[in-house]
Amino acid sequence: MTEHPAKHFIGGEWIGDGPLCDSVNPATLEALGQHHLGSERLTNQAASAAREAFFTSPWAASPRLRAQVLYEIADRLEAARDEIADLVVLENGKIRAEAIGETLGAISETRYYAGLARNIRGTMQETAPGNFSLFNREPAGVAGVIVPWNAPVTLLMRSLAPALAAGCTTVIKPAQQTPLVHARIMEAITFAPSLPKGVVNSVNENGIAVGKAMTASPDIDVISFTGSSRTGQAIMAACAPSLKRVGLELGGKAPAVVFADANLDLAVKELTHGALAMAGQICVAAARFVVHESIASEFEAKITMAFRAVKVGPGNRPESQMGSLIDLENRARIERLIEQAGDEGEMVLKGERLSDAAFLSPTLFRINDLSSPLVQEELFGPIVSIETFADEAEAVAKANATSYGLAASVFTNDTARAMRMSRAIRAGTVWINSHLRLFAEGETGGYGKSGLGRLHGPEGLHDFLETKHIYMEAGVVGAAT
């Protein structure tokens, strides 16, 4: 177990306030350590500290300071890379290669926005002779960052880094399943010597108390949330009375469309990883294999063999290729979905328990009913449907058949078809002959129930910036009276 309980960080100080709760390793069900639970009072205290820092510190008006701090944070995350990755393996259950990749992604994200911090520019327009409109980009104020458990390092920095680069001060709510990982990241952040007090604050969750307090707080101007569509809808509703700005990166049901001319070996390799990375607990995972009917049998045989060969086990074992689910509750949820898939579709490969801990092997099933919840809803685990299509029009219709639109992939050797499909599919990201490529420079976000706004890339700054119009007429401003 970790030596000290994970604390809150408010106004530049670590605060050990609130009841203690265990954090559990989902691969062994052993307690890893403890963390202090947060409260509405602590959330309001953190929001107040962030607001004071926004208005009284040089942070909001100092892009060079913000860049310096982000570079310092990146350096400290890099120094702690192995320790953070080890904690991710233990507390989240994913394999170590995924944990290292996630940590490196967070470091890259932080350095990327350190560079953008000094490149936030406005514009000027002369609307008539001597009449000037200046459009300034200013920080939106205090940003609340609500982090999910499935990628607690990358998905924290994906929101926190652009918020800081834009000049916002912040209040963070980590996921209750990964508080020890978060505490180690916060330790790296707080070691940044140039970081002013109150710019970064963090309060551990306690059920939903902290999240509710953040959406209700008059001191928080923006909420950046990554998580389920249902929770995103609740957050949007809770923010409506105060008209808070919301950035929502929500659920997905990514179709992978495989045409008859595709390189099947490449498609199987990409989609095995694309579907089973993080045990399928990622919103852009390949969740539906939509395959041309002429190659459906061959594809099914190859993907079944690949899924069956995946070695499932504890993330700290070198031979493991897929880790555990996040907890026993989610294992039970996926098991219920497997039984439903057997009733509503045809089972191709049935997932099984592998121990008393939160492990399940992958599941594949055929289904033709587009109205089934198994097709329509995000399943968020190692369970994937196989559907078929006859022509390109049907492929588009099936790809767009759900209310989600976060990501998709298309496998074909016909470049023209690939471009037609990428335009026709209603998703924020479409990968061609690949799946699950994410990086700091490329925006991600969704259509429909998959959310609002974009993260990564230059557009990742937009949720945290306001545009101010300053108007003046030459010869009027500063004229003597």
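No lab work stands behind these numbers, since they all come straight from the coordinates. These numbers were taken from a predicted model, which means no experiment stands behind them. Cβ sites come from the backbone with ideal geometry, for glycine too, and all protein chains shown count toward neighbours.
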### Task
Report, in degrees rounded to the nearest 10, the 0 to 90 angle that the Cα long axis of helix 264-276 makes with the longest principal axis of the chain.
60 degrees
### Message
Tell me the Rg and the Dmax, in Å, that the Cα atoms of segment 114-255 produce.
### Response
17.3, 60
### Query
Percent antiparallel among DSSP beta bridges with both residues in the chain, to the nearest 5?
45 percent
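Could you please rank H469, H182, placing first whichever residue has the fewest other Cβ atoms within 10 Å of its Cβ? Walk me through the numbers on the way to the answer.
Working: H469 10, H182 27.
Lowest to highest Cβ neighbour count: H469, H182.
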## Note on the structure
Contour minus Cα-Cα span, D75 to S371, at 0.36 nm per residue, comes to 101.7 nm
## Note on the structure
The distance between the Cα centres of segment 378-431 and segment 56-117, in whole Å, is 33 Å
### Summary
Under the 7 Å Cα-to-Cβ spin-label approximation, D261 and E30 lie apart by a distance in nanometres of 5.5 nm
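What shape does segment 319-363 have by the C-alpha gyration tensor, where a ≥ b ≥ c are the square roots of the eigenvalues, rounded means a/c under 1.5, and otherwise prolate means a/b greater than b/c and oblate the rest? Numbers along the way, then the final one.
Working: a/c = 2.79, a/b = 1.53, b/c = 1.82.
Verdict is oblate for segment 319-363.
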### Query
Helix 229-239 versus the longest principal axis of the chain: what angle, 0 to 90°, nearest 10, using Cα atoms?
20 degrees
### Query
How many angstrom separate the Cα center of segment 201-217 from the Cα center of segment 1-23?
15 Å
### Message
Counting only helical runs of four or more DSSP H residues, what would the 222 nm mean residue ellipticity of the chain come to if each run contributes -39,500 (n - 2.57) and the total is spread over all its residues?
### Response
-11500 deg cm²/dmol
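Grab the beta carbon distance between E40 and A474, set R0 = 45 Å, and tell me the FRET efficiency rounded to 0.05.
Working: r = 52 Å, r/R0 = 1.15.
My answer for the efficiency is 0.30.
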### Message
Under a crude label model (7 Å from the Cα following the beta-carbon direction), how far is L452 from L243 in nanometres?
### Response
1.3 nm
### Query
Over the chain, what relative contact order in percent results from Cα pairs under 8 Å that are six or more residues apart?
18 percent
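Once you sort the root eigenvalues of the Cα gyration tensor of the chain as a ≥ b ≥ c, which label holds: rounded (a/c under 1.5), prolate (a/b larger than b/c) or oblate (the other case)?
Details: a/c = 2.15, a/b = 1.37, b/c = 1.58.
Oblate is the answer for the chain, as a/c is 1.5 or above yet b/c matches or exceeds a/b.
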#### Entry: Label-point separation in nm, N136 to D414, each point 7 Å along Cα→Cβ
5.5 nm
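Could you sort the peptides 303-314, 129-140, 376-387, 449-460 by per-residue average Cβ neighbour count (10 Å cutoff), highest mean leading?
On the way: 303-314: 17.0, 129-140: 14.8, 376-387: 23.1, 449-460: 21.4.
Per-residue Cβ counts within 10 Å, averaged per peptide and sorted highest first, yield 376-387, 449-460, 303-314, 129-140.
How high is the relative contact order of segment 254-432, in percent, with contacts defined as C-alpha pairs under 8 Å that are six or more residues apart? Kindly include the intermediate steps, with their values, before the conclusion.
Values: 332 pairs, mean separation 51.2, N = 179.
Once normalised by length, the contact order is 29 percent.
Which of rounded, prolate, oblate describes segment 202-251, given a ≥ b ≥ c as roots of the alpha-carbon gyration tensor eigenvalues and a/c under 1.5 marking rounded, otherwise prolate only if a/b is larger than b/c?
The shape class here is oblate.
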#### Entry: Degrees separating the helix 296-309 axis from the principal Cα axis of the chain, which is the longest one
70 degrees
## Note on the structure
Check: in the chain the Lys pairs 8 or more apart or on separate chains whose Cα atoms fall under 13 Å apart number 6
